[in-house]
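The values are calculated or read from the model by the stated rules, or taken from the named source; none is laboratory data. Everything numeric in this text was worked out from a predicted model, so none of it was measured. With ideal geometry, Cβ positions are generated from the backbone for all residues, glycine too; neighbour counts draw on all protein chains shown. Ligands, DNA and RNA are excluded from the accessible area calculation, which covers all protein heavy atoms including side chains. Shrake-Rupley method; radii C 1.70, N 1.55, O 1.52, S 1.80 Å.
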Amino acid sequence: MKYPFLFAGLLGAALLCGFSSMAPKPQLRTIQARDAQHLKTFFAYSPDRLPFVSAHRGGARKGFPENCLATFENTLGQVHAILEIDPHYTRDSAIVLMHDATLDRTSTGHGKVADYTLKDLQAFKLKDTEGNVTPYGIPTLDEALDWAKGKTILVLDKKDVPIEARVRKIEQHRAEAHAIVMAYSFEEAQTCYRLNKKMLMEVMFDTVEKVRAFDQTGVPWQNVVVFVSHNLGIDPAVFREIHQRGAMCMVGSSRNYDMQYAKGEIKSVDELNRKYLSIIDSGADIIEADLAIEAGTALKPLQNRTSSKALYFR
């Protein structure tokens, strides 16, 4: 696959040493909110918003596996980003980060995550995007929530962990200022709001009709950010309707421009940058990207201006 590993040389070497006390730590580009209400203000749409990236599975690339703390550090060492992560239950009801229900693609383990205890899983190492074994182990959701405080916002996907359990885990860590949950239906959004009215969630819909239907759920728009689509060419009215209600819009690049670049169909970084900027021009505020560093780098010029959102970016 084709990945230009921007700025990753010395940083990658340091992280591959396992975060030893002798290795230099990267200067992270952080997104910080004081509390849940402050986070709601961050995700509230304003015309002076600063577009940014959601790193899909944390921003995996060569040397840095998906859903891995070292990968999160590598991503934030180069761009401002929130981080989308994937929770799965173990046999003994711990929650670890793993995209697939099985271990084979992204680790040295074999079979289902749910067939192993947490202790069993700690014997395995993670693989990077090219299938190379790395020094990194499988992290728990608890470790990720503790790590993220003061650094970024985690977006907790569902996988086999219901929304009630994800809300409870965020509450246990008092992480409402640095973690949000994905709600895959209006019913899940209502459940999240009933359980914790402070908590933010990522909801998903792509038509004006669905935007208006969400008005009837009783969930305040200040509690949501909307993932509009993985598809391009969405009706601009969808973005306008969501923005009028005060929420930000997210569009995914993993199934279009990221994939085209990896296949060589997009020939240059300059062309890729133009594609990312076109997503923002279409109405999106956030790009969920596999190539989070590339997407975040393309958006940096848009972040160099006066904005009410600037205080969140450190």
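So here's what we get for this one:
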| read-out | value |
| --- | --- |
| Computed lengthening from residue 101 to residue 308, 0.36 nm per intervening residue step minus Cα-Cα distance | 70.5 nm |
| Calculated diffusion of region 14-170, Stokes-Einstein form, Kirkwood radius summed over Cα pairs, 10 °C and 1.306 mPa s, µm²/s | 97 |
| Region 251-314 versus region 38-77: alpha-carbon centroid distance in Å | 12 |
| Exposure of residue 110 as accessible area (Å², to 10), given a probe of 1.4 Å and all protein chains | 120 |
| Unsatisfied cross-links (Cα-Cα over 25 Å) in the set 151/198; 159/210; 40/169; 40/62; 62/275 | 40/62 |
| Whole-angstrom gap from region 182-228 to region 78-150, using each part's C-alpha centre | 28 |
| Charge dipole (region 168-314, unit charges on Cβ, about Cα centre) - positive-most of 203, 248, 222 | 222 |
| Projected area averaged over orientations for region 164-314, convex hull of C-alpha atoms, nm² | 9.9 |
| Separation in nanometres of the label points that stand 7 Å from Cα toward Cβ, at residue 217 and residue 244 | 1.9 |
| Fully extended contour minus Cα-Cα distance, from residue 94 to residue 282, at 0.36 nm per residue | 63.6 nm |
| Lys, Arg +1 and Asp, Glu -1 on Cβ, resulting dipole of the chain about Cα centre, debye, nearest 20 | 720 |
| Total charge dipole magnitude, region 182-314, about the Cα centre, Cβ charges on Lys, Arg, Asp, Glu only, Debye to nearest 20 | 500 |
| Label selected from [x] 21.6; [y] 19.7; [z] 22.4, the criterion being Kirkwood radius over Cα pairs in Å as computed here | [y] |
| Cα-centred dipole magnitude for region 118-242, charges only on beta-carbon of K, R (+1) and D, E (-1), debye, nearest 20 | 400 |
| Gain upon complete extension [residue 195, residue 149; 0.36 nm per residue less C-alpha separation] | 14.4 nm |
| Sorted largest first, extent of region 135-187 alpha carbons per principal axis (Å) | 38, 24, 17 |
